[in-house]
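Asker: One structure is given below, represented as structure tokens, and several questions about it will come after.
A short reminder: the numbers here are calculations on the coordinates, not readings from a lab. Keep in mind it's a predicted model, so treat the numbers as computed, not measured. Here the Cβ is made from the backbone with ideal geometry for all residues, glycine too, and neighbour counts use every protein chain on show.
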């Protein structure tokens, strides 16, 4: 083998002997990898998963566990929420960014109920309870929650609000054990094992192996040694995002420089690079999830202002939307202005056990004093609060559409929390794939033998985000990748 | 030849005979192509330019003609402006976006004076006069103008302001003949011709021809027939942006869907696609120039507010920055609020002959009335104007830093111009290249024999923009591409 650090494809002609073989070879044992493995195995394929770390899980097992599902899942129905694929699609097309892949979103919405049932059939537990408070995640073991701002402006006027954040039932969330992501991955990994899926760990994929235009294997390094692994019917790339690839972040998503979040260091974009080396196309490389470390129960009760003392987002919406608005459109400058009563009420209402809670940085008797203390230009914060209070007195927010339940004039004493530079995020862009999880060449045609899913691909998000869309499209299109990769099976065996 | 619609590379083994041959083959006869041609020819190469339309020019010949140059050019010096490469770099790194290519910007600033002299030596005329008014372009034949907001907040506090928009002297601008872009292209095309550069028109490049990893030619279609063109030392891609490639716009720069501007329909991204098919890397695919059809002389004298009635940009800055702030961060919603006096003064001061001028859509005696007429939430515009006026009375704008000369309280009658959805733009991202204009493979290594410059590459801009950076890096790195492509000359001849 020529240069073992290269990500250029290796010709099968240069492979003297295969170190491993399987029908379907999957790189990465996170959510996309495990779902691909299950479906490929059920389709009769001999499946080998190559995982870089020493165990299954990936970023998924560490995640909160939201899976974005809807269209009328049994859980939604049992909890009294009406939804339909069309309604779900209307929200997703509006919220997930201009240029969103309509074919993929339509397909995803149409298949969402079936996908929920599939997860349940494969052992993923969902508790029949709804968490109705603002928050990033439920602090308990509830199975359903709003996770994308569906019930807030502006989306509550575009589609009928329905919660779609489906969370596997957790155990001992407060101790950090068995969170939603773990409870998603564990039954799936168990299922895969029962189906005879083989997994090898400490296997770091390096480059694809090709025979003409077709991908027929992959090189992986294990304990310092390069192994050639033959994939008789297909290779599935499922190694996650590029949040930890410094050069790619600078080139494609520079607002995340020095602020990767909710990703793992293995997310180095290597699968994207290996496929690019074959001419694979990309999409939405600038799209990013943005987490924001403001507490939803406090934000909904106050007003968020930027460095000019202006409100810029309805504070009762999905905190990930607040994060995007803050980082991408307001230079990562945010202050939460809140009166003492609302602060105390919000802290009391917060059922989570915050790792740390931002304390007010400034406290004053009047808005004028606060404005001066914060060094905001005279009149800016004062007039923002005056306009807000004028309408809040009527339970209205005509400026940003915060819901009536949160509209209450801000009184005295008044405080501000410093939420500048309180964001982190992961990347949403990647390989352009078909609804069958085929990796598309820049010509528009699929690359034979190559499939991908999860955050190394561009999924349903084109800039916007809702919690659960990553585990959602990762699992949905992971399954498709497994099925597609196994498809050449009879031909390969025959 | 297999599939003549494919953009996949063709193997030289499959070329039965070469229809054309040259040392250096250049695709595209715009600014990057012509500068590459000149330098390659001067280096002794036999040069063939393939142009898709029926003449040289590209988007450059239709452009205003700004070339972003500085660091102390003779023109800057003659007009009394101090600048240095370090000062120029400080501005460019701050203004052109996070993730800007520092190596390229450093190189570009260091070489800027030499590049100006080179243009002059090649016949590009610059009149020794400075246009000191706000505007997109000088309406006259002046040679120098601010073109990136260097003298406005926030950049006037980051680097010493120096105008860097160098404009070739125009003839008959008012009749649309011989604008700045034409006066840039004409002498360069003449120079190329004198140097023996051959050009063939109606040649649409299709796919690259490779010998192993090396690019050795290109397929071009002329009058329905595919021709194979051998490049003995190098191929230079210079076919412009992807502003008119619908699928690429949706995938990479979706805010420009349905609003391409300052580009030509030939800008279909084909060079980017052909190189991607070889594993070429990309950068900053989401970056876009955004033109805004507000008149600078009016904007500086009024205040721009978004759909919430809030100011969001200092109105005296580079209009391209206003365009980006409006489209990318304020949902393309903008109103210009201005009093009658300022409107009349601004119209009188405007030395250009506007194709059409926006008339006020709403006129009122008081801000309250205007706010109601515009259907803005009560108190929003009123308080914005009150805060602005409070500080403008002292010649200050602590909110956004508009310069004192433009700060004047807004009186009565008061009007608003509707500038919603008044943007258009072109793309700035593309192939990732080295400072030697080598096209970089995703491995980080150059692709042998392949060079690129102009808007099919990611140049000095990573999201921000200044007028003149496109013709600037297009010409600067076009030259480099020509030199690099000619470099293998003696080897090829020997």
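Asker: Given a Förster distance of 45 Å, report the FRET efficiency between residue A:226 and residue A:82 from their Cβ-Cβ distance, rounded to the nearest 0.05.
Answerer: With a Förster radius of 45 Å, E is 0.25.
Asker: Turning to a different aspect of this structure: Report relative contact order for the stretch B:294-421 in percent, whole number only (criteria: Cα-Cα under 8 Å, sequence separation at least 6).
Answerer: 35
Asker: Next up: Taking 7 Å along the Cα-to-C-beta vector as the label spot, tell me the residue B:18-residue A:17 distance in nanometres, rounded to one decimal.
Answerer: In this crude label model, residue B:18 to residue A:17 measures out at 4.4 nm.
Asker: For an R0 of 45 angstrom, estimate the FRET efficiency from the Cβ-Cβ distance between residue B:127 and residue B:386 and round to the nearest 0.05.
Answerer: So, using R0 = 45 Å, E works out to roughly 0.50.
Asker: Two decimals is fine: what's Rg over Rh for chain A, C-alpha atoms, Kirkwood radius as Rh?
Answerer: When Rh is taken as the Kirkwood radius, the ratio is 1.02.
Asker: Turning to a different aspect of this structure: Indicate the gyration tensor shape class of the protein assembly as shown (rounded, prolate or oblate), computed on the Cα atoms with a ≥ b ≥ c the square roots of the eigenvalues: a/c under 1.5 is rounded; otherwise a/b larger than b/c is prolate and the rest oblate.
Answerer: oblate
Asker: Continuing with the same structure: Hey, for residue B:18 with labels 7 Å out along Cα-Cβ, what do the inter-copy distances come to in nm, ordered shortest first?
Answerer: Those separations, rounded to one decimal, come out as 4.1 nm.
Asker: So what is the relative contact order for chain A, in percent, with contacts set as C-alpha pairs under 8 Å and at least six apart?
Answerer: Relative contact order for chain A comes out at 24 percent.
Asker: Assume the label is 7 Å from Cα along Cα to beta carbon: what separations in nm does residue B:127 have to the matching positions in the other copies?
Answerer: 7.7
Asker: Another question, then. Between residue A:396 and the same site in the other copies, what are the distances in nm, shortest first, taking label points 7 Å from Cα along the C-beta direction?
Answerer: Relative to the other copies, residue A:396 has label-point distances of 3.5 nm.
Asker: Now a separate question. Between the stretch A:269-311 and the stretch B:1-60, what is the C-alpha centre distance in whole Å?
Answerer: 40
Asker: How are the Cα pair distances of the stretch B:360-484 distributed, in percent, across 5 Å bins from 0?
Answerer: Calculated P(r), rounded to whole percents: 2, 10, 13, 11, 10, 8, 6, 8, 8, 8, 8, 5, 2, 0.
Asker: In nm, what is the difference between 0.36 nm times the number of residues separating residue B:247 and residue B:349 and their Cα-Cα distance?
Answerer: 32.5 nm
Asker: Here's a follow-up. If one takes the longest principal axis of the Cα atoms in chain A, at what angle in degrees, from 0 to 90 and to the nearest 10, does the Cα axis of helix A:340-349 lie?
Answerer: For helix A:340-349, the angle is close to 40 degrees.
Asker: Could you tell me which of rounded, prolate or oblate describes the stretch B:73-120, using a ≥ b ≥ c as the square roots of the eigenvalues of the alpha-carbon gyration tensor, with rounded for a/c under 1.5 and, failing that, prolate when a/b is larger than b/c and oblate otherwise?
Answerer: Note, shape of the stretch B:73-120 comes out oblate.
Asker: Regarding the stretch A:294-421, what whole-number volume in Å³ per residue does the convex hull of its Cα atoms give?
Answerer: 95
Asker: Now for a separate question. Where both partners of a DSSP beta bridge lie in chain B, what percent of those bridges are antiparallel, to the nearest 5?
Answerer: That works out to approximately 65 percent antiparallel.
Asker: Another question about this same structure. What whole-number distance in Å separates the alpha-carbon centres of the stretch A:446-484 and the stretch A:213-262?
Answerer: Cα centres, the stretch A:446-484 to the stretch A:213-262: 15 Å.
Asker: Once you have the Cα-Cα distance between residue A:331 and residue A:54, take 0.36 nm times their residue separation minus that, and quote the gain in nm to one decimal.
Answerer: 95.8 nm
Asker: With angles folded into 0 to 90 degrees, how steeply does helix B:319-329 sit against the dominant principal axis of chain B? Use alpha carbons for both and round to 10.
Answerer: Compared with the principal axis, the helix lies near 90 degrees.
Asker: Would any residue of the stretch B:294-316 have its amide N under 20 Å from a label point 7 Å out along Cα→Cβ of residue B:94? List them or say none.
Answerer: Only B:312-316 fall inside the zone, counting backbone N under 20 Å.
Asker: Something else now. Just the Kirkwood number for the stretch A:206-358, please: inverse of mean 1/r across all distinct Cα pairs, in Å, one decimal.
Answerer: Final number for the Kirkwood radius of the stretch A:206-358 is 18.8 Å.
Asker: Related question: Kindly express, to the nearest 10 degrees and within the range 0 to 90, the angle between helix A:31-42's C-alpha long axis and the longest C-alpha principal axis of chain A.
Answerer: 40
Asker: Need one word for the stretch A:103-149: rounded, prolate or oblate. Basis is the Cα gyration tensor (sqrt eigenvalues a ≥ b ≥ c); a/c below 1.5 gives rounded, then a/b vs b/c decides.
Answerer: The shape class here is oblate.
Asker: Right, next: For the stretch B:312-372 and the stretch B:69-88, what is the centre-to-centre distance using only Cα atoms, to the nearest Å?
Answerer: 32
Asker: Averaged across the residues of B:244-253, what count of C-beta atoms belonging to other chains lies within 10 Å of each residue's C-beta?
Answerer: 4
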